[in-house]
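Written out below as structure tokens is the structure these notes cover.
The values are calculated or read from the model by the stated rules, or taken from the named source; none is laboratory data. Since this is a predicted model, take the numbers as computed values, not measurements. Every residue, glycine among them, receives a Cβ derived from its backbone with ideal geometry; neighbour counts consider all protein chains shown. Surface areas here come from the heavy atoms of the whole protein model, side chains and all, with no ligands, DNA or RNA. Shrake-Rupley method; radii C 1.70, N 1.55, O 1.52, S 1.80 Å.
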Amino acid sequence: MSAVTEPGDWRETALYAPVKTFLEAQGFVVKGEICGCDVVGLRGDEPPVLVVAELKLSFTLELVLQAVDRMRGADIVYLAVAASRRGRDQDQRVTRLCRLLGVGLLTVDLRLGAVAVRCEPMPYRPRANLPLRRRLVREHRLRKGDPSAGGSSRQPIMTAYRQRALACAAVVRDTIVRPRDLRHVAEDAGVILSRNVYGWFERVRPGHYRLTESGRTAAAAARAVDPELA
């Protein structure tokens with residue numbers, strides 16, 4: 001039985017033998033700890049193909065920075081981490097990051113000594129996410145001004161939809177309105193009133209709405225900040 005049996009006993013050196021075996025199967029002659037690199041392998045004659053692998057028990061920023069540094073001297077760079085059930089090695093964003101960098105990502109099952117390839121080390125261009133691009137462009141164009149500072153996390157983000165809902169609430173005030181009465185401030189007023197995302201509106205009868213108490217509070221606060229809503 002291996003001396004390394006429990007996760008708390010694992011060290012980065014426990015990844016070395018499985019990764020070495022993995023690279024040797026690709027024809028590399030592998031040695032450890034050369035010029036600060038955890039794993040270095042050579043294949044072929046002159047010039048040889050040079051592979052470098054960096055080992056960490058978990059995926060960290062430091063590991064990524066090591067990869068960026070190693071790419072200056074190596075033909076192929078792998079990052080190897082201990083396999084986990086819910087760690088960052090299971091995060092698809094980590095895989096995409098490695099692909100963007102052009103480095104390989106290996107996960108090592110330290111109980112079995114098995115190596116799994118999460119992504120190959122090769123140049124990569126991500127497939128365009130056109131729906132995301134359209135959402136970004138649309139939200140940017142519809143949002144009035146720049147009401148939310150980048151990095152905000154402790155207060156609601158002033159989205160374009162929220163701006164339109166506030167504009168509707170500012171018009172309603174203490175009256176009862178129909179969606180068509182608000183189309184001059186929001187073309188989708190009917191959707192805003194019926195969906196009632198923020199709980200600011202209530203239907204008094206089919207097709208007729210008024211403000212709730214929270215709606216009046218939100219509208220008053222918005223008018224204090226934005227004179228155009230007064």
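Find all pairs meeting these conditions: Cβ atoms under 7 angstrom apart; at least six residues apart or on different chains; first residue within region 157-170 and among the β-branched types (V, I, T); second residue open to solvent by 40 Å² or more (accessible area, probe 1.4 Å) and modelled with pLDDT under 95.
Going by the 7 Å Cβ cut-off, the qualifying pairs are T159/E139; T159/R143.
Return the residues of region 72-94 that are within 15 Å of L55 (Cα to Cα) and either among the aromatic types (F, W, Y) or open to solvent by 20 Å² or more (accessible area, probe 1.4 Å) (or both); say none if nothing qualifies.
If the condition is that a residue be within 15 Å of L55 (Cα to Cα) and either among the aromatic types (F, W, Y) or open to solvent by 20 Å² or more (accessible area, probe 1.4 Å) (or both), then I76, Y78, A83, S84, R88 are the ones that fit.
If you go through region 96-135, how many residues are in contact with a Ser or Thr (Cβ under 7 Å, 6 or more places away or on another chain) and surrounded by fewer than 14 Cβ atoms within 10 Å (Cβ to Cβ)?
Residues flagged as in contact with a Ser or Thr (Cβ under 7 Å, 6 or more places away or on another chain) and surrounded by fewer than 14 Cβ atoms within 10 Å (Cβ to Cβ) within region 96-135 amount to 1.
For residues that are hydrophobic (A, V, I, L, M, F, W, C), surrounded by fewer than 22 Cβ atoms within 10 Å (Cβ to Cβ) and assigned to a strand (DSSP E or B), tally how many sit in region 41-59.
3
So the check is Cβ under 6 Å with 6+ separation or different chains; which pairs have a first residue in region 69-85 that's closer than 13 Å to P18 by Cα and in contact (Cβ under 8 Å) with a residue 60 or more places away in the chain and a second one that's part of a strand (DSSP E or B) and of a type in the set (A, V, I, L, M, F, W, C)?
Qualifying pairs under 6 Å: A80/A53; A80/L55; A80/L106; A80/V108; A82/V108.
What single numbered condition from (1) within 22 Å of R138 (Cβ to Cβ); (2) part of a helix (DSSP H, G or I); (3) small (G, A, S) fails to hold for A186?
Checking A186 against (1) within 22 Å of R138 (Cβ to Cβ); (2) part of a helix (DSSP H, G or I); (3) small (G, A, S), the one that fails is (2).
Do you know which residues across region 190-210 are more than 13 Å from R180 (Cβ to Cβ) and in a strand (DSSP E or B)?
Listed by number, the residues that qualify are F201, E202, R203, V204, R205, R210.
Return the total of residues in region 191-219 being open to solvent by less than 50 Å² (accessible area, probe 1.4 Å) and either free of Cβ contacts under 8 Å to residues at least 24 places away in the same chain or among the small types (G, A, S) (or both).
Qualifying residue count for the region: 7.
For G32, indicate whether it is at pLDDT below 90, of a type outside the set (S, T, Y), loosely packed, with under 11 Cβ neighbours inside 10 Å and farther than 14 Å from D89 by Cβ.
no
Could you tell me which residue of region 180-224 is nearest to R162 (Cα to Cα), considering only residues that are in contact with a Phe, Trp or Tyr (Cβ under 8 Å, 6 or more places away or on another chain) and among the polar types (S, T, N, Q)?
S214
Could you please find all residues in region 150-166 being over 18 Å from A186 (Cα atoms) and open to solvent by less than 70 Å² (accessible area, probe 1.4 Å)?
S152
If you check A219 against the conditions, is it more than 30 Å from L101 (Cβ to Cβ) and in contact with a strand residue (DSSP E or B) (Cβ under 8 Å, 6 or more places away or on another chain)?
yes
Hey, can you tell me all the residues within region 16-64 that are touching a Gly at 6+ places or on another chain (Cβ under 7 Å) and of a type outside the set (A, V, I, L, M, F, W, C)?
Those that are touching a Gly at 6+ places or on another chain (Cβ under 7 Å) and of a type outside the set (A, V, I, L, M, F, W, C): Y16, P18, D38, R43, S58.
If I ask for residues that are in contact with a helix residue (DSSP H, G or I) (Cβ under 6 Å, 6 or more places away or on another chain) and loosely packed, with under 13 Cβ neighbours inside 10 Å, which ones from region 140-149 would you list?
Result: L142, K144.
Go through the residues of region 39-47 one by one and say whether even a single one is in contact (Cβ under 8 Å) with a residue 40 or more places away in the chain and over 19 Å from M122 (Cα atoms).
no
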